[in-house]
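*Asks:* Dropping the structure in here first, questions after.
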Amino acid sequence: MAKSILIYCGSSKGHDSVYEEEAKKLVRALKKYDCKIIFGAGSVGLMGVLADEYLALGGEVIGVIPEALETAEVANRDCTQLHVVKDMHERKALMEQLSDAFVVLPGGFGTLDEACEILTWAQLGLHAKPLGLINTAGYYDLLTAFLDHAQGEDFISATNRRLVQVEATAAALLERLTAG
């Protein structure tokens, strides 16, 4: 199992408590592997939930946040390490360097932006680290349908489509990531 897992997720908790519960399940499962968690350093939303839960379990949490978001996303000062960087480009680069694998929980534009960029980097051969989506309560059904459609229309190759591993739960995704 990778030792440093980057988790992309929302600065909101969403309307359904299932998202928060799945984030907690993910960090409890990661604690069994004694992984470090890398994340966007927010203290709100799913970011705050996963950091608070992992810190309460005695886990190591590394946050990376750009100066412009330090106040807006209320930087989590309780992180084991907190990196305040100049901008989003620096954030993305540092997060990739610190991570061995990527997990995507529900989120909005920021979550999708960062996950898509790291996926594009894999497609370009800039890294060979696994990326998995946790499709909590079908949250990413439409996205995975789009990816399948894009592959069917020959905009995404079958090889690149396989770069995105999708499972309904944290447990299933971690089992898949540890198996291969």
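*Asks:* Specify which of the listed residues (Leu126, Leu94, Leu133) is out of contact with any Gly (no Cβ under 6 Å at 6 or more places or on another chain), within 24 Å of Ala171 (Cβ to Cβ) and either open to solvent by 20 Å² or more (accessible area, probe 1.4 Å) or not in a helix (DSSP H, G or I) (or both).
*Replies:* The conditions single out Leu133.
*Asks:* Are there any pairs, at least 6 apart or on different chains, whose C-beta atoms fall under 9 Å, with the first in the range 50-76 and in contact (Cβ under 8 Å) with a residue 24 or more places away in the chain and at positive phi and the second among the aliphatic types (A, V, I, L, M) and open to solvent by 10 Å² or more (accessible area, probe 1.4 Å), and if so, which?
*Replies:* Val74/Val44
Here's the yes/no breakdown for (1) touching a Gly at 6+ places or on another chain (Cβ under 9 Å); (2) among the basic types (Lys, Arg):
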residue: Ile7; (1), (2): yes, no
residue: Ser12; (1), (2): yes, no
residue: Lys24; (1), (2): no, yes
residue: Lys36; (1), (2): yes, yes
residue: Ala41; (1), (2): yes, no
residue: Val49; (1), (2): no, no
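*Asks:* Could you tell me which numbered condition Val44 fails, if it satisfies all but one of (1) touching a residue at least 40 places away in the same chain (Cβ under 8 Å); (2) open to solvent by 10 Å² or more (accessible area, probe 1.4 Å)?
*Replies:* Checking Val44 against (1) touching a residue at least 40 places away in the same chain (Cβ under 8 Å); (2) open to solvent by 10 Å² or more (accessible area, probe 1.4 Å), the one that fails is (1).
*Asks:* Output the residue which, of all residues in the range 47-94 that are among the hydroxyl-bearing types (Ser, Thr, Tyr) and touching a helix residue (DSSP H, G or I) at 6+ places or on another chain (Cβ under 8 Å), is farthest from Ile5 (Cα to Cα).
*Replies:* Thr80
*Asks:* Can you give me the number of residues within the range 156-172 that are outside any strand (DSSP E or B) and touching a Gly at 6+ places or on another chain (Cβ under 7 Å)?
*Replies:* Going through the range 156-172 one residue at a time, the tally reaches 0.
*Asks:* Which of the numbered conditions does Pro106 fail, given that it passes all the others? Conditions: (1) open to solvent by less than 20 Å² (accessible area, probe 1.4 Å); (2) touching a His at 6+ places or on another chain (Cβ under 6 Å).
*Replies:* Going through (1) open to solvent by less than 20 Å² (accessible area, probe 1.4 Å); (2) touching a His at 6+ places or on another chain (Cβ under 6 Å) one by one, Pro106 breaks only (2).
*Asks:* Within the range 138-180, how many residues are surrounded by 14 or more Cβ atoms within 10 Å (Cβ to Cβ) and in contact (Cβ under 8 Å) with a residue 40 or more places away in the chain?
*Replies:* Summing the residues that are surrounded by 14 or more Cβ atoms within 10 Å (Cβ to Cβ) and in contact (Cβ under 8 Å) with a residue 40 or more places away in the chain in the range 138-180 gives 10.
*Asks:* Which residue, of Thr120, Thr111, is open to solvent by 50 Å² or more (accessible area, probe 1.4 Å) and either of a type in the set (S, T, N, Q) or part of a loop (DSSP other than H, G, I, E, B) (or both)?
*Replies:* Only one candidate qualifies: Thr120.
*Asks:* So is Asp34 under 14 Å from Ile5 (Cα atoms), without any contact (Cβ under 8 Å) to a residue 60 or more places away in the chain and open to solvent by 10 Å² or more (accessible area, probe 1.4 Å) or not?
*Replies:* yes
*Asks:* Moving to a separate point now. Inside the range 17-42, can you point out the residues that are of a type in the set (D, E, K, R), within 18 Å of Ala137 (Cβ to Cβ) and either part of a loop (DSSP other than H, G, I, E, B) or within 15 Å of the chain's Cα centre (by Cα) (or both)?
*Replies:* Glu20, Glu22, Lys24, Lys25 - these are the residues of the range 17-42 that are of a type in the set (D, E, K, R), within 18 Å of Ala137 (Cβ to Cβ) and either part of a loop (DSSP other than H, G, I, E, B) or within 15 Å of the chain's Cα centre (by Cα) (or both).
*Asks:* Checking the structure you have, find out if any residue of the range 67-86 is part of a strand (DSSP E or B), under 20 Å from Ala23 (Cα atoms), open to solvent by less than 20 Å² (accessible area, probe 1.4 Å) and not aromatic (Phe, Trp, Tyr).
*Replies:* Yes; the residues of the range 67-86 include at least one that is part of a strand (DSSP E or B), under 20 Å from Ala23 (Cα atoms), open to solvent by less than 20 Å² (accessible area, probe 1.4 Å) and not aromatic (Phe, Trp, Tyr).
The values are calculated or read from the model by the stated rules, or taken from the named source; none is laboratory data. Because the structure is predicted, anything quoted here is derived from the model rather than measured. Glycine also receives a Cβ, built like all others from the backbone with ideal geometry; neighbour counts cover every protein chain displayed. Surface areas here come from the heavy atoms of the whole protein model, side chains and all, with no ligands, DNA or RNA. Shrake-Rupley method; radii C 1.70, N 1.55, O 1.52, S 1.80 Å.
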